[in-house]
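The values are calculated or read from the model by the stated rules, or taken from the named source; none is laboratory data. Since we're looking at a predicted model, the values are computed, not measured. Note that we place each Cβ from the backbone using ideal geometry, even for glycine, and neighbour counts take in every protein chain shown. Note: areas computed on protein heavy atoms with side chains; ligands, DNA, RNA excluded. Shrake-Rupley method; radii C 1.70, N 1.55, O 1.52, S 1.80 Å.
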Amino acid sequence: MLDLEVVPERSLGHEQWEFALGMPLAQAISILQKHCRIIKNVQVLYSEQTPLSHDLILNLTQDGIKLLFDACNQRLKVIEVYDLSKVKLKYCGVHFNTQAIAPTIEQIDQSFGATHPGVYNAAEQLFHLNFRGLSFSFQLDSWNEAPKYEIPHGATVKRMYIYTGNNLQDTKAPVMPLACFLGNVYAECVDVLKNGAGPLGLRLRILTAGCGPGVMADAKVRAVERNIYFGDSCQDVLSALGSPHKVFYKSEDKMKIHSPSPHKQVPSKCNDYFFNYFTLGVDILFDSTTHLVKKFVLHTNFPGHYNFNIYHRCDFKIPLVIKKEAADAQWEDCILTTYSKWDQIQELLGHPMEKPVVLHRSSSANNTNPFGSTFCFGLQRMIFEVMQNNHIASVTLYGAPRPNSRARAEASAH
């Protein structure tokens, strides 16, 4: 049985780890994987057809705990303990819930002190006792008529919630805590730089936990902007973004068969290679001969995709200038985002002339993909990988050669 420390408005933790509000989904899953011998039978709950309409939930069934992540930013929003009989809980080092100590209203008052009167919810038949960043729900099954304010003596806690702010219903996932950076950089947003011909590169707003001179207590989150262009060298990218988490060498180009004359292409002696930046949600492909950027891949990290949880979600924006069909033929500025659906994109960019390329992903160890195929459509030097629920799994940007100084200035102006 897990023995956990409750910190209101912050975390639920063990001696070796903690689930902190604002923690990225990938870090919480990493904790569960690392301690899989202790924390077993974890479920991932999400809406397959409308993944943005419901929180993404990690359900620790053996321990009676749910971790609720915001559907958009995928950071921890609420920690719910829904079965207190499966876990030990303490506050400031003193237990208030064990097999020997029942979490009654008297015990909660003793451990947490006085608070405002409880709030009764007739529909749920629960009495809610709220502190800042912490709520307890008491079951009132044995009372025929619920009192207006006072929770009856002997009532026990049915559920406990840890969240940010004063109201559980209005709570939002906080910004990522400093403790979660762990030496990595994270992308707050990624803007695609474009001109009339197509994509030029990326502008990344990067968050990093910078430190003062030699004092860890001075650590604070810093935001920096970095621009990466097609045609930038390997050294340019390393200087701007730091070392990648992984370098992946392509063994074969499975899309080559879709080029105009694949049989005429001379086989390369070296392989193109990717820089994988998992916490940015971005891959950068370099040409094996010139070592210059030739492709960007932006990952949306939707549940139900084969690559789910490998990358953090890339919150990208792709600006478009669309000609209206009205008589005066005015131009309209539009933006595609991580959350745009494929039918919305087709309304703006038009329908692809060619049929999609069907992408079957499978590993050598397990040749089945439980999530099904995705479909790749090419429009305006961009390839959109579309899931079966109409959401975008990834966007691949192809570039022309390195822009001249005038094009760079134009991109920076945007």
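Listed values, structure above:
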quantity	calculated
Cβ-Cβ under 8 Å pairs, at least 6 apart or on other chains, region 31-54 side touching a residue at least 40 places away in the same chain (Cβ under 8 Å), far side open to solvent by 80 Å² or more (accessible area, probe 1.4 Å) and not β-branched (Val, Ile, Thr)	46/54
Filter result for residue 112 (modelled with pLDDT of 90 or more and touching a helix residue (DSSP H, G or I) at 6+ places or on another chain (Cβ under 6 Å))	no
Qualifying residue in region 13-33 (condition: open to solvent by 10 Å² or more (accessible area, probe 1.4 Å) and on the phi > 0 side of the Ramachandran plot)	no
Matching residues in region 199-219 - criterion: being surrounded by fewer than 19 Cβ atoms within 10 Å (Cβ to Cβ) and at pLDDT below 90	210, 211, 212, 213, 214, 215, 216, 217, 218, 219
Where residue 371 falls short, out of the listed (1) open to solvent by less than 70 Å² (accessible area, probe 1.4 Å); (2) closer than 17 Å to residue 299 by Cα; (3) at pLDDT below 90	(1)
Residues within region 45-58 that are closer than 23 Å to residue 163 by Cβ and either among the acidic types (Asp, Glu) or in contact with a Leu (Cβ under 6 Å, 6 or more places away or on another chain) (or both), tallied	4
Residues located in region 16-42, provided they are part of a loop (DSSP other than H, G, I, E, B) and among the β-branched types (Val, Ile, Thr)	38, 39
Lone unmet requirement of (1) more than 27 Å from residue 8 (Cα to Cα); (2) open to solvent by 70 Å² or more (accessible area, probe 1.4 Å); (3) at pLDDT below 95 for residue 225	(3)
Filter result for residue 100 (open to solvent by 10 Å² or more (accessible area, probe 1.4 Å), small (Gly, Ala, Ser) and within 22 Å of residue 186 (Cβ to Cβ))	no
Any hit, region 229-251, residues being of a type in the set (Asp, Glu), at pLDDT 95 or above and in a loop (DSSP other than H, G, I, E, B)	yes
Check on residue 76, more than 21 Å from residue 299 (Cβ to Cβ) and not in a loop (DSSP other than H, G, I, E, B)	no
Every residue from region 78-94 that is surrounded by 20 or more Cβ atoms within 10 Å (Cβ to Cβ) and farther than 16 Å from residue 19 by Cα	84
Region 271-295, subset touching a residue at least 60 places away in the same chain (Cβ under 8 Å) and touching a Ser or Thr at 6+ places or on another chain (Cβ under 7 Å), residue farthest from residue 233 (Cα to Cα)	295
Filter result (open to solvent by less than 30 Å² (accessible area, probe 1.4 Å) and either basic (Lys, Arg) or touching a Phe, Trp or Tyr at 6+ places or on another chain (Cβ under 6 Å) (or both)) within region 277-294	279, 281, 283, 284, 285, 286, 293
From the options 168, 134, residue that is open to solvent by less than 30 Å² (accessible area, probe 1.4 Å), at pLDDT 85 or above, within 28 Å of the chain's Cα centre (by Cα) and on the phi < 0 side of the Ramachandran plot	134
